[in-house]
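The values are calculated or read from the model by the stated rules, or taken from the named source; none is laboratory data. Model, not experiment: these values are computed from the prediction. Don't worry about glycine lacking a Cβ; one is built from the backbone with ideal geometry, like all the others, and counts go over all protein chains shown. Areas reflect the complete protein model, heavy atoms only, side chains present, ligands, DNA and RNA absent. Shrake-Rupley method; radii C 1.70, N 1.55, O 1.52, S 1.80 Å.
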Amino acid sequence: MSGRPLSLILLPALDCNAACDYCFEKKSRVRLSLPDLSRLTRSILDHMEIMDAERAEVYWQGGEAMLLGPAWYEAAFELMEPAAAARGRSFAHYLQTNLVGFGPPWRDVIRTVFNGSIGTSMDYPNRHRRLPGGTPEQFTEIWLRAVGEALSAGFEIGVIAVLNADSLRVPPGDFLQFFTGQAGITNIQVNLPFPGGPSHGGETLESAALSRFLEGLLDAWMADGFDRGVRLGPFEALLDLCAGRPGRLPCIWNPNCANEFLCIDARGAVALCDCWVTSYPRHHFGNLFESPDLSAMLRVSPARRAFLDRPTYLLQEEGCGLCPHLSLCHGGCPVRTFTAKGTILARDPYCEVYQALFGKCRELAGEVVRRRLALSRPNQASPEPPSRNQ
Amino acid sequence: MTADIGPPPDPILSVPAGSVDAHPAVSLVIRANRQEDLDRVRGVSPDRIVWIEAPLDLAEIAWPPGLPLDVMVADPAREAARLHGLSRARDDRLIRVSIPAKAGVSRAARIAMALQLPVRLLPGQPGPEAAAELRTVLETYLHDPQANASVQPFDAALEYLLHGRPVTAWAALELDPAYVIRIPDPGEPLPAAPRPDAPGFVAAWISRLVFEAAECAGCPYAGWCAGLFKWPDPAYACDHIKPLLAAIGVNAEAIARDLGEALDLPT
């Protein structure tokens, strides 16, 4: 069987207990029922059989994934695992949550279903994440408390931090300190905002200021973080790759994310990733409750074909074919491009930022080799789950 | 296929798909040019197929699972961007991209290298523009840390200059008839004499060039090149080729130094 896993984002709840200003998802009070999950599982396993994939990585997101409660995930696990095993396949489950609903009842399911690992999101400074009617400060407090509880319970936590205009005004060292010191998290991934769906506050950031911040953050991490094992994405994978080591880049820099990812929501809608599935129905690949043959859907979907053809267009028409960083980028993220420029047939709006970052990482590659040698620790990039962008 | 130290006892045959039935017992490189050739390929036992050679337009048809595919680029300038579409198929099978050294070769090669696909550069007798493009490919090959798949003949040249590994450019490019004998397509004009289709050809060719006092006689790279760039026209001047090989030589020396220093590092 193929060693390549199927990467799948599942959105079992399209509503959320938070009211973040910049959320790119169009919410609705729809949740996935277990009978419908059973139908989806059949379709997914049929597709895995056709693509000869032994394993699927399932990223449970929302809306807010925890709204379904721990018992629902236990039942989902009981349903999916034997179905996969009966066909000689397996699922690896990952959870992405705002942690608002986290508490002791979740502990068993985090251990058994999610292998003791939780993915969450927070920004610094937090300007957009809030509960309905609440303030970002209140939300941060709730989140920090939940993180503390989860860490005390022995869970591993990875955080996605989306930058905002105010992030660029704080010293990068303070940014890092908030996550590693105040929150106690040592696995951080920095993401760049985009103005998708009904949001406000996720506007594309100005390139020069953003580049300065990211380069400063890279320096801050190298000065105080790298040597003590703090993982900072996407820098860590970039540095490893520039040093000739294996590394797994986030989806924005995959050769073609349409080859790698799929997203299915609680209504059965299939699209490239969560933003597309919740907010841009014209870009859906189809609906699995209407046409359960996922492989056939992917084969004939004009929307998917457009995504698949995007890098070729960029190489031909947008200059990416001449870029010295082609092997790292391939034209960047379609959703960031679409939400900033109204088309996927253009370079990622953060192109200049990426180029600055790639250049800086190439410069630092030798230093990384020396440090890794001195630390004599194994490369940690490859066996980890993929660094997702959302 | 790898061009290992010695030629195999029975050379592989490179045949048009239409004539596979005429060669029932040997290992084959099957040259497919049309969708209909798929059935011919399916009729051959997979363990006899070393490569399927096919144009880019046929790269994603339903070739038998797992068989290696050599994508033959005809017009690099026109086809370069579309090579990126191979990112879909590269997880299903080994894919190599063979690119002639003509306009667009650097773009095509860099795109294939960005996807970590092995590349076979078919140099022929390149003019100054094509040689300049090969230099660009060489720079990417030598200095882009992401360029970690094989690029022939650079791989073989580097191994020769670094380790003295005696694989000629002919063998590395699978053009040595001691390794692969090419059966022409029906009606294909025969190459100029001497024809490179008999075992022993490469040794005879370089001997002849040296005997005739071609520039190979005093060339430091002749042991590796074996007159590849002098074929078919022995009068071809290697002015644009030698700097490429010299650059590989300089890097081979630097790598040898680095390796020496690395061995001295504490473990």
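Multiply the residue separation of residue A:75 and residue A:29 by 0.36 nm, subtract the distance between their alpha-carbon atoms, and state the gained length in nm to one decimal.
This chain segment gains 14.5 nm when fully extended.
Within straight-line reach of residue B:242, meaning a Cα separation under 16 Å, sit the following lysines at least 8 residues removed in sequence or on another chain: B:230.
In this simple spin-label approximation, residue B:22 and residue A:282 carry label points 7 Å from Cα along the Cα→Cβ vector, and these lie 5.6 nm apart. If you wrap the Cα atoms of the stretch B:109-267 in a convex hull and average its projected area over all directions, you get 11.2 nm². Just to check, using Stokes-Einstein with a Kirkwood Rh over alpha carbon pairs, what's the diffusion coefficient of chain B at 4 °C and 1.567 mPa s in µm²/s? Estimated via Stokes-Einstein, D reaches 67 µm²/s. Considering all C-alpha pairs of the stretch A:193-296, those separated by over 23 Å amount to 49%. Relative to the current alpha-carbon distance between residue B:254 and residue B:197, full extension at 0.36 nm per residue lengthens the span by 16.8 nm. Computed over all pairs of different Cα atoms, the Kirkwood value for the hydrodynamic radius of the stretch B:73-128 is 11.3 Å. Round to a whole number: what % of the accessible area of the stretch B:179-253 belongs to carbon and sulfur, probe 1.4 Å? Here carbon and sulfur together make up 65 percent of the probe-accessible area. The label point for residue A:166 and the one for residue A:291, both projected 7 Å from the Cα toward the Cβ, are 4.6 nm apart.
For the stretch A:60-165, the relative contact order works out to 27 percent when only alpha carbon pairs closer than 8 Å and six or more residues apart are counted.
Peptides A:106-115, B:105-114 ranked from most to least packed give B:105-114, A:106-115, packing being the mean of other C-beta atoms within 10 angstrom over each peptide's residues. Rg and Dmax of chain A, based on Cα coordinates, read 20.1, 57 Å. Residues whose amide H falls under 5 Å from that of residue B:14, counting only those 5 or more places apart or on a different chain, are B:29, B:181, B:182, B:183, with hydrogens built in the peptide plane.
Just to confirm the filter: which trypsin sites (Lys or Arg not before Pro) across the stretch A:1-66 are DSSP coil and have at most 10 other Cβ within 10 angstrom of their Cβ?
In loop regions of the stretch A:1-66 (DSSP not H, G, I, E or B), the sparsely surrounded trypsin sites (Lys or Arg not before Pro) are A:29.
Of the Cα atoms belonging to the stretch A:73-186, the radius of gyration and Dmax stand at 16.6, 54 Å. Seen from residue A:175, the other residues with C-beta closer than 14 Å to its C-beta sum to a net charge of -3, counting Lys and Arg as +1 and Asp and Glu as -1. For the stretch B:20-64, GluC sites (Glu not before Pro) are listed when DSSP marks them as loop and at most 11 other Cβ atoms sit within 10 Å of their Cβ; the list is B:36. For a Förster distance of 35 Å, can you work out the FRET efficiency between the beta-carbons of residue A:85 and residue B:94, rounded to the nearest 0.05? Approximately 0.70, to the nearest 0.05. Note: relative contact order over chain B, using C-alpha pairs below 8 Å and six or more positions apart, is 16 percent.
Of the residues A:60, A:143, A:72, the one that moves most in a GNM of chain A with alpha-carbon contacts below 10 Å is A:72.
When the surface is traced with a 1.4 Å probe over the full set of protein chains, residue B:143 keeps roughly 110 Å² accessible.
Orientation-averaged projection of the stretch B:190-267 equals 7.4 nm² [convex hull of Cα atoms, one quarter of hull surface area]. Per residue, the convex hull spanned by the Cα atoms of the stretch A:1-61 measures out at 98 cubic angstrom. Phi-derived couplings, Karplus 6.51 cos²θ - 1.76 cosθ + 1.60 at θ = phi - 60°, listed residue by residue for the stretch A:107-121: 4, 4, 5, 4, 5, 7, 8, 10, 6, x, 10, 10, x, 9, 9 Hz, with x used for Gly and Pro. Kirkwood hydrodynamic radius computed over the stretch A:275-317 comes to 11.4 Å, based on all pairs of distinct alpha carbons. Compared with the rule-of-thumb size 2.2 N^0.38 Å for a compact globular protein, the protein assembly as shown has a Cα radius of gyration ratio of 1.07.
Relative contact order for chain A: what percent, with Cα pairs under 8 Å and sequence separation of 6 or more?
18 percent
Counting Lys and Arg as +1 and Asp and Glu as -1 over every other residue whose Cβ lies under 12 Å from the Cβ of residue A:264, the net charge comes to -1.
Can you give the Rg/Rh ratio of the stretch A:28-84, where Rg is from the C-alpha atoms and Rh is the Kirkwood radius?
Using Cα coordinates only, the ratio equals 0.98.
Once the GluC sites (Glu not before Pro) in DSSP loops with at most 14 neighbouring Cβ atoms within 10 Å are cut out of chain A, the longest remaining piece is A:1-205. For residue B:122, the residues 5 or more places off, or on other chains, whose built amide H falls under 5 Å of its own are B:99, B:101.
Shown for the stretch A:350-373: residues covered by the partner protein chains by 20 Å² or more of accessible area relative to the chain by itself (probe radius 1.4 Å), namely A:362, A:373. Straight-line reach from residue A:341: which aspartates and glutamates fall under 13 Å, measuring Cα to Cα and dropping same-chain residues less than 8 apart? Partners found: A:203. Amide H to amide H distances under 5 Å link residue B:96 with B:69, B:70, B:71, where only residues 5 or more positions off or on other chains count and H is placed in the peptide plane.
If the viscosity is 1.002 mPa s and the temperature 20 °C, what Stokes-Einstein diffusion coefficient in µm²/s follows for the stretch A:211-359 when Rh is the Kirkwood radius over Cα pairs? Once the numbers are plugged in, D ends up at 127 µm²/s.
Could you tally the net charge around residue B:128, taking each other residue with its Cβ under 11 Å from the Cβ of residue B:128, Lys/Arg +1 and Asp/Glu -1? So the surrounding residues net to -2. Please list, by residue number, everything in the stretch A:1-39 whose backbone N is under 19 Å from a paramagnetic label point 7 Å out along Cα→Cβ of residue A:54. Residues A:1-8 fall inside that zone. Note: the stretch A:1-118, Cα convex hull, 108 Å³ per residue.
Give me the percent of accessible area attributable to carbon and sulfur for the stretch B:13-87, probe 1.4 angstrom. Heavy-atom surface of the stretch B:13-87 belonging to carbon and sulfur, 1.4 Å probe: 52 percent. The residues of the stretch B:1-126 have, on average, 39 Å² of accessible surface per residue, using a 1.4 Å probe with all protein chains present.
Mind telling me which of A:350, A:280, A:59 comes out most flexible in a GNM of chain A, alpha-carbon contacts under 10 Å? Top of the fluctuation ranking is A:280. Compactness check for the stretch B:11-67: Cα Rg over 2.2 N^0.38 Å is 1.00. Each principal axis of the Cα cloud of the stretch B:132-219 was evaluated for its coordinate range; sorted largest first, these ranges are 42, 36, 25 Å. When the expected Rg is taken as 2.2 N^0.38 Å, what fraction or multiple of it is the alpha-carbon Rg of the stretch B:2-150? Dividing the Cα Rg of the stretch B:2-150 by 2.2 N^0.38 Å gives 1.08.
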